[in-house]
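Have a look at the structure below, then the notes.
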Amino acid sequence: MFIVKDINIFYGKLHILWDLSLHIGDESVGLFGPNGAGKTTLINAILGLVKPTSGEITFDGETMLPLETHERVRRRIAVVPQERELFPLMSVLENLRSGAAYIPEAREKTGERLDFGFEIFPVLKERLRQLAGTLSGGEQRMLAIARALMADPKLLILDEPSCGLGPSLVSDLFHRLNEIKKGHSLLIAEQNVRQCLKTIDRGYVIENGRIIMEDHAESLAGNDHIRRSYLGL
């Protein structure tokens, strides 16, 4: 169980996250909100890139706050950032192997994790020797997710995974996330609420640094605020 409890985060004197709490079990969870609402700040706090002034973050009963980013990653928390952050001059295979390089448990399962990644994204198997920087935008997104899966994560966090993709690629991506969620806990920060609601079990809505709503996906899809603000209905 991953738990964020009552965290507050400031950038200088600017209060960004206000007493924010959420939890993730063996499920897929969405995080919805407009640009500037605090979604990426929350992900950075989970990674240890920013430090809360108060509150707690725990994973499987262990507090995360004293741990550096690399130590949190070794607890098998993997993140796919919005910018993808691939190694453009390395091949697809080299990028994939880098995902397991610093996780001892994952290194032992390199072959198994590669097979899983190719099962979800078959095109990557056809591009193994190709430089990552020469892939299309959709293929780079696939590679970024597959690389994160190489770490055999207990929790996979995706920050705006549909960003920059065309409608058909977005639909395909979320179809594949439906396969990935069968064996992993997911936190998906996403502005494409319509597609994400088809994938998640529960969701949170964050606005101005505060969680204003939490419910099951079906209930969120029928909520008037969600329909007006995020679905355009």
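Could you grab me the full set of residues in the range 99-112 that are open to solvent by 80 Å² or more (accessible area, probe 1.4 Å) and either touching a residue at least 12 places away in the same chain (Cβ under 8 Å) or assigned to a helix (DSSP H, G or I) (or both)?
Across the range 99-112, the qualifying residues are Tyr102, Glu105, Arg107, Glu112.
With a cut-off of at least 3 residues that are touching a Pro at 6+ places or on another chain (Cβ under 8 Å), name the strands (runs of 3 or more DSSP E) lying wholly within the range 1-97.
Those strands (runs of 3 or more DSSP E) span 2-11, 77-80.
What is the number of the single condition among (1) under 25 Å from Ile16 (Cα atoms); (2) in contact (Cβ under 8 Å) with a residue 24 or more places away in the chain; (3) touching an Asp or Glu at 6+ places or on another chain (Cβ under 9 Å) that Leu65 does not meet?
For Leu65, the failing item is (2).
Does the range 13-22 contain any residue that is within 23 Å of Glu190 (Cα to Cα) and modelled with pLDDT under 95?
No - not one qualifying residue is present in the range 13-22.
List the pairs whose first member sits in the range 39-59 and is closer than 19 Å to Ala78 by Cβ and free of Cβ contacts under 8 Å to residues at least 24 places away in the same chain, whose second member is open to solvent by 10 Å² or more (accessible area, probe 1.4 Å) and part of a loop (DSSP other than H, G, I, E, B), and whose Cβ atoms are under 9 Å apart, counting only residues at least 6 apart or on separate chains?
Asn44/Val50
Restricting the search to the range 104-135, which residues are modelled with pLDDT of 95 or more and of a type in the set (Ser, Thr, Tyr)?
Thr134
Cβ-Cβ below 9 Å, separation at least six or inter-chain, first residue in the range 71-98 and without any contact (Cβ under 8 Å) to a residue 12 or more places away in the chain, second among the charged types (D, E, K, R) and not in a helix (DSSP H, G or I): which pairs?
Close Cβ pairs satisfying both conditions: Glu83/Asp159.
For (1) touching a helix residue (DSSP H, G or I) at 6+ places or on another chain (Cβ under 9 Å); (2) aromatic (Phe, Trp, Tyr), each residue gets a yes or a no:
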| residue | (1), (2) |
| --- | --- |
| Leu65 | no, no |
| Val73 | yes, no |
| Ser98 | yes, no |
| Tyr102 | yes, yes |
| Gly111 | no, no |
| Leu124 | yes, no |
| Leu155 | yes, no |
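Mind telling me which of the residues Asp201, Asp152, Asp159 ends up being touching a residue at least 40 places away in the same chain (Cβ under 8 Å), under 30 Å from Asp224 (Cβ atoms) and open to solvent by less than 50 Å² (accessible area, probe 1.4 Å)?
Result of the check over Asp201, Asp152, Asp159: Asp159.
The values are calculated or read from the model by the stated rules, or taken from the named source; none is laboratory data. Please read all numbers here as calculations on a predicted model, not as lab measurements. For neighbour counting, all protein chains shown are included, and Cβ atoms are generated from backbone atoms with ideal geometry for every residue, glycine included. Surface areas here come from the heavy atoms of the whole protein model, side chains and all, with no ligands, DNA or RNA. Shrake-Rupley method; radii C 1.70, N 1.55, O 1.52, S 1.80 Å.
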